[in-house]
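Undergrad: Following this message is one structure expressed as structure tokens.
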Amino acid sequence: MKTYTMTIGGKPVATSEHKDITNPATGAVVGRMPMGSRADLDAAVAAARAAFPGWAATPDAKRKELCHAVAAKIEEHSEEIAALITAEQGKPLNGLGSRFEMGGCVGWAHSTADLDLPVETIQDNDEGKIELHRKPVGVVGSITPWNWPVLIAVWHVLPAIRAGNTVVIKPSPYTPLSTLRLVEIMNEVLPAGVMNAVSGADDLGAAMSEHEGIDKIVFTGSIATGKKVMGSAAGTLKRLTLELGGNDAGIVLPGSDPAAIAEGLFWGAFINTGQTCGAMKRLYVHESIHDAVCDALVDFAQKMPMGDGSKEESVLGPLANKMQFDKVASLVEDARAQGGKVILGGEPLGGEGHFYPITFVTEVKDGVRLVDEEQFGPVLPIIRYSDVDAIIAKANENPHGLGGSIWGSDIAKAKELAQRLEAGTVWVNKHGAIQPNVPFGGVKCSGIGVEFGEEGLKEYTNVQIVWV
């Protein structure tokens with residue numbers, strides 16, 4: 001069992017206190033997280049501030065080269081970090097698990113490295129020349145969640161350093177080890193102080209959002225915590241990018257082929273055992289095909305093996321922590337009490353680990369907690385409807401607005417309906433697909449700002465206008 005260290009100013013930093021990190025599939029201790037203090041955070045911010053002028057002044061081509069070198073380092077250590085992710089987060093090595101996550105890290109890092117923000121000429125005439133320049137913000141504080149710990153870290157920090165910022169990252173206390181290792185690897189390439197990592201309890205994140213030495217916070221997590229981040233950042237008027245989860249609705253139109261869409265519906269809902277912000281969280285199915293869609297989903301789900309992620313045959317893993325396990329179980333029990341019918345699963349699997357089976361609940365409607373709240377686990381409510389316009393309106397009543405999808409054989413009609421959903425991203429006949437070149441972000445309570453692509457890179461810059 002390894003005792004991990006933080007990275008501050010390019011050097012490993014040990015702490016006197018540690019927390020055991022356990023495998024959610026077995027309960028075994030897999031490593032010890034350093035419990036950083038406010039003084040450690042101050043030191044990391046100071047290191048990032050000291051490194052910022054030199055990094056910001058580094059020629060753009062050189063920063064691009066070093067970001068590609070970071071991507072290559074991540075690829076070199078992909079299997080090592082994938083094993084760490086599986087050990088502390090629980091997702092399987094195979095399928096859409098930790099190896100898939102690391103492949104995403106490499107692809108996103110290289111794609112981000114290739115982004116450019118050239119000077120824009122707004123005016124060039126006899127009256128003068130006006131240019132728009134993009135300048136790095138300064139020190140970026142990154143606070144990451146436990147569901148995709150390394151991939152989301154890459155989403156946060158690669159555009160930050162590509163744009164010329166320096167970074168202090170704090171991973172979730174549930175899954176810190178893989179991120180701490182990622183930052184160690186990045187420091188084999190980057191100048192000291194450009195990329196720093198601290199770890200500890202949640203109060204360290206609160207200290208980051210109010211810290212006077214941090215110029216921007218990028219946070220992925222719950223709405224409740226995002227509101228706290230926004231509130232504590234107000235004192236210093238920090239720039240913010242907040243991705244705060246969703247309660248994505250999928251709507252299946254009459255005339256759809258249940259057998260043809262079952263696999264897409266399943267993975268739209270249950271990637272990472274449902275622990276994904278942009279996963280489908282509630283499924284509305286027209287009454288004419290409701291039962292057939294339920295049957296097709298049950299048939300597909302029964303073929304998906306769930307187990308210890310370190311076993312090569314596992315496709316789905318446990319819930320990442322007891323907090324989430326208890327929440328999922330309570331939502332199912334509440335749905336039952338409200339008249340919901342469990343057609344698959346519905347009971348904890350028992351034994352070691354936080355395993356909850358794939359569960360489908362029918363005979364529920366809006367107003368039931370399982371439909372209204374983000375369950376973030378392997379449970380999907382399936383709601384019968386009759387009127388398409390009414391159910392679009394019902395889907396939009398939810399305060400979340402991250403993603404949504406329409407499923408149907410008439411693509412033009414499905415596209416028109418998808419654009420009526422109040423969500424940052426809408427899909428037709430798929431759900432949850434993202435790419436590094438396509439902006440992604442939420443509306444309403446699902447966040448502020450976007451990630452990915454040129455629009456995401458701009459989030460890490462300030463505009464400076466130059467008049468000549």
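Undergrad: May I ask you to list the residues in segment 253-294 that are touching a Pro at 6+ places or on another chain (Cβ under 7 Å), more than 30 Å from Trp155 (Cβ to Cβ) and not polar (S, T, N, Q)?
TA: If the condition is that a residue be touching a Pro at 6+ places or on another chain (Cβ under 7 Å), more than 30 Å from Trp155 (Cβ to Cβ) and not polar (S, T, N, Q), then His286, Ile289, Ala292, Val293 are the ones that fit.
Undergrad: Which of the numbered conditions does Glu75 fail, given that it passes all the others? Conditions: (1) over 19 Å from Leu180 (Cα atoms); (2) more than 16 Å from the chain's Cα centre (by Cα).
TA: With (1) over 19 Å from Leu180 (Cα atoms); (2) more than 16 Å from the chain's Cα centre (by Cα) applied to Glu75, the lone miss is (1).
Undergrad: OK, next. Which of (1) within 19 Å of Glu451 (Cβ to Cβ); (2) touching a Phe, Trp or Tyr at 6+ places or on another chain (Cβ under 7 Å) is the odd one out, the single condition Val106 does not satisfy?
TA: Failed condition: (2).
Undergrad: Another question, if that's okay. Test each condition in (1) within 15 Å of Gly205 (Cα to Cα); (2) within 13 Å of the chain's Cα centre (by Cα); (3) open to solvent by 20 Å² or more (accessible area, probe 1.4 Å) for Tyr174 and report the one that comes out false.
TA: Among (1) within 15 Å of Gly205 (Cα to Cα); (2) within 13 Å of the chain's Cα centre (by Cα); (3) open to solvent by 20 Å² or more (accessible area, probe 1.4 Å), Tyr174 violates only (2).
Undergrad: Here's another thing I want to ask about it. Which of the helices (runs of 4 or more DSSP H) contained wholly in segment 197-296 include at least 1 residues that are open to solvent by 10 Å² or more (accessible area, probe 1.4 Å), touching an Asp or Glu at 6+ places or on another chain (Cβ under 6 Å) and in contact (Cβ under 8 Å) with a residue 12 or more places away in the chain?
TA: Values: elements: 202-210, 223-233, 258-270.
Of the helices (runs of 4 or more DSSP H) lying wholly inside segment 197-296, those with at least 1 residues that are open to solvent by 10 Å² or more (accessible area, probe 1.4 Å), touching an Asp or Glu at 6+ places or on another chain (Cβ under 6 Å) and in contact (Cβ under 8 Å) with a residue 12 or more places away in the chain span 223-233.
Undergrad: In addition: Could you figure out which of (1) surrounded by 18 or more Cβ atoms within 10 Å (Cβ to Cβ); (2) touching a strand residue (DSSP E or B) at 6+ places or on another chain (Cβ under 6 Å) isn't true of Met304?
TA: (1)
Undergrad: What number of residues within segment 102-143 are within 30 Å of the chain's Cα centre (by Cα) and under 19 Å from Lys64 (Cβ atoms)?
TA: Counting residues in segment 102-143 that are within 30 Å of the chain's Cα centre (by Cα) and under 19 Å from Lys64 (Cβ atoms) gives 20.
Undergrad: Just need a number here: residues in segment 412-468 that are surrounded by fewer than 19 Cβ atoms within 10 Å (Cβ to Cβ) and part of a strand (DSSP E or B).
TA: 8
The values are calculated or read from the model by the stated rules, or taken from the named source; none is laboratory data. Not measured: the values here are computed from a predicted model. Using ideal geometry, Cβ is built from the backbone for each residue, glycine included, and neighbour counts are taken over all protein chains shown. With ligands, DNA and RNA removed, areas are computed over all heavy atoms of the protein, side chains included. Shrake-Rupley method; radii C 1.70, N 1.55, O 1.52, S 1.80 Å.
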